[in-house]
Amino acid sequence: MIFEYTLNTAREDFINITAQTGEAITKSTIKEGTALVYCPHTTAGITINENADPDVVRDMLFGLAKTFPPRPEFRHAEGNSAAHLKASAIGSSVTLIIKNGKPLLGTWQGIYFCEFDGPRNRKFFVKMLAG
Ligand code: ZN
C-alpha cells in the first residue's frame, strides 16, 4: 500500500507533513509495523526534527545555507548544486515505527518535507512495511 501526496513549495522551506503521514498510516489500518516516508526529488529531502519552536527550522535552513553555499567552482549547469548537496545531507527518506496505529514520535518531533530549490510542485510517498 503506497500513499502519494503533493505539495506546492516555497523557495526554501521545511513543510510539516506529520498530519498527512499520520493520515496515511490510519488509512492503511496497520496498527504495528514500520512506514517509509520517501521523497523522489534530488533537491528536496525528508527529515524528523523539532516541531515546537519555528526558530529551529529557521536555524536549520540558516545552518544549511552556511554549510553549503553556492560556489563559483560548481559545474552543474542548472546552477543548483547547493540544493543537491543539502538534499543529500538531509536524505530522501525516514523510517517510522508504527505503534497503536500511529507514528511513534517524540513529544517535540515532527516529520518535514525539506525544499531546497523551489518553488515547485513536489510529491512524497508513504509506504507501509509489514509487521
Ligand atoms: Zn540540478
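The values are calculated or read from the model by the stated rules, or taken from the named source; none is laboratory data. Computed from a predicted structure; not experimentally measured. Every residue, glycine as well, gets a Cβ built from its backbone with ideal geometry; the counts of neighbours run over all protein chains shown.
Listing for the model above:
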item: Considering residues of the range 36-85 that are more than 16 Å from the ligand (Cβ to nearest atom) and polar (S, T, N, Q) only, the residue nearest to the chain's Cα centre (by Cα); result: 47
item: Whichever residue in the range 89-131 is of a type in the set (Lys, Arg) and surrounded by fewer than 18 Cβ atoms within 10 Å (Cβ to Cβ) and, among such residues, is nearest to the chain's Cα centre (by Cα); result: 123
item: The range 62-83 residues that are surrounded by 10 or more Cβ atoms within 10 Å (Cβ to Cβ), paired with ones that are modelled with pLDDT of 95 or more and among the aromatic types (Phe, Trp, Tyr) (beta carbon under 7 Å, 6 or more apart); result: 81/74; 82/68; 83/116
item: Test: residue in the range 93-109 that is of a type in the set (Gly, Ala, Ser), within 20 Å of residue 43 (Cα to Cα), within 16 Å of the ligand (Cβ to nearest atom) and in contact (Cβ under 8 Å) with a residue 40 or more places away in the chain; result: no
